[in-house]
1. Below 12 angstrom from the Cβ of Val279, what's the summed charge of the other residues (Lys, Arg +1; Asp, Glu -1)?
2. Arrange the following residues from fewest to most other Cβ atoms within 10 Å of their Cβ: Thr114, Thr211, Thr76, Thr254.
3. Defining a contact as two alpha carbons under 8 Å apart and six or more residues distant in sequence, what relative contact order in percent does the stretch 197-329 show?
4. Could you tell me the calculated FRET efficiency between Phe198 and Ser170, based on Cβ-Cβ distance and R0 = 45 angstrom, to the nearest 0.05?
5. Kindly put Phe280, Phe241 in sequence by how many other C-beta atoms sit within 10 Å of each C-beta, fewest to most.
6. In what order do Tyr81, Tyr251, Tyr142, Tyr200 fall by count of nearby beta-carbon atoms within 10 Å, going from fewest to most?
7. Principal axes first, then extents: for the Cα atoms of the stretch 197-329, list largest minus smallest coordinate on each axis, whole Å, largest first.
8. Subtract the Cα-Cα distance of Ser229 and Ile74 from 0.36 nm times their separation in residues, and report this length gain in nm to one decimal.
Amino acid sequence: MADPQTDRPTGVAGDASLTGASGEKAPKTSWFKLTVDSKPWWAIIVAAALGAFGSEAIKNSPAIYSWGRSFFPIETSQFLYVSSKETKGPVKGVIVQIFGPGELALPLNSAGDTKIQTSARGLADAQIHVRPGPGYVAVFKYNNLVKTLPFEVKGDAQLQVEFSPTDWASEDERPVVPVNPNPPVGDAAGDLPPWMKFAYAELGQTEFQGTESNQRILEYLRSTNLPNSAISDETDWSSAFVNWVVRQVGYSGTNSAVNRSWLTWGKPIYPIQPGCVAVFWRISPTDPTGHTGFVVGETDTTITIIGGNQHNSVSIVSVPKARFLGCRWPA
């Protein structure tokens with residue numbers, strides 16, 4: 001008869017090799033019963049495969065997160081800044097619209113308006129609730145001239161536009177808004193660093209005339225190591241403004257009211273990009289004085305920054321590149 005453990009007839013040659021000294025059968029070694037550290041072989045392989053998959057998933061987690069986020073709308077601010085190509089100053093009264101795929105005009109504020117205008121500072125802050133990704137278009141209209149620019153929504157972003165009567169098309173020649181445009185390099189700033197929201201929110205803070213000081217400006221100055229006796233809104237507060245802004249999102253600044261102190265802060269960054277801290281000389285390249293602010297954009301000859309103590313206020317100005325000393329980013 002057949003042995004139920006070996007499925008071989010008992011008493012045939014070779015059967016003794018399976019029999020111990022006591023006459024009991026030795027356990028059969030079966031591939032399907034092979035274990036490692038008391039675990040089945042297939043469990044070891046499955047665990048190894050899951051481990052490899054897990055490590056790969058962790059490595060690609062930013063891409064996986066970005067892909068997953070693209071299915072869900074996000075609340076985002078698009079800072080749209082229009083300056084004059086000729087004067088480099090801000091342009092007020094530019095009508096801005098943002099379109100999604102299929103030329104659908106998006107509501108740009110809590111009131112549901114689909115059109116907003118740039119302020120005296122040349123800035124329009126569009127608050128939109130959309131899915132991130134390409135396929136969005138900003139349309140700017142000024143004095144019957146139109147500029148159309150595609151961009152990709154990634155989060156809080158900034159789009160800098162130069163107005164020029166020779167570069168913008170007439171309203172009758174407005175190009176058709178593309179359904180799914182590829183954002184051209186340089187047109188969209190992409191995700192803005194988090195401190196830029198705080199910088200933009202301070203636009204318009206201005207020194208008070210007379211002996212009274214603007215308490216907000218004093219708050220900027222108190223973020224530095226200046227003694228209280230040296231603080232008033234007549235103190236140079238451009239470095240203090242930058243220091244106060246970066247501290248709002250948890251970064252340590254230089255804590256100095258000296259503008260050139262930012263030349264050793266963080267790490268250098270090149271090419272410059274919106275949000276980096278730009279430092280400029282004031283009197284001469286070797287003079288210890290200077291100026292600093294956050295980059296908004298650049299042209300061939302100028303760097304546009306948002307900063308403090310610019311025309312006695314937090315404002316957006318363009319500085320000649322000839323005065324540029326460096327640009328820094330948090331380390």
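Where a number appears in this text, it was derived from the coordinates with a stated rule and is not lab data. What you are looking at is a predicted structure, and each value in this text was computed from that prediction instead of being measured. Note that each Cβ is placed from the backbone with ideal geometry, even for glycine, and that neighbours are counted across all protein chains shown.
1. On the way: positive: Arg260, Arg282, Arg323, Arg328; negative: none.
Around Val279, the charge tally is +4.
2. Values: Thr114 14, Thr211 7, Thr76 18, Thr254 23.
Taking fewest neighbouring Cβ atoms as first place, the list is Thr211, Thr114, Thr76, Thr254.
3. The normalised contact order for the stretch 197-329 reaches 24 percent.
4. Values: r = 39 Å, r/R0 = 0.86.
Taking R0 as 45 Å, the efficiency between Phe198 and Ser170 is 0.70.
5. On the way: Phe280 23, Phe241 26.
Fewest-to-most ranking of Phe280, Phe241: Phe280, Phe241.
6. Working: Tyr81 26, Tyr251 16, Tyr142 20, Tyr200 23.
Taking fewest neighbouring Cβ atoms as first place, the list is Tyr251, Tyr142, Tyr200, Tyr81.
7. 41, 32, 27
8. Details: separation 155, 0.36 × 155 = 55.80 nm, distance 4.59 nm.
Computed gain between Ser229 and Ile74 is 51.2 nm.
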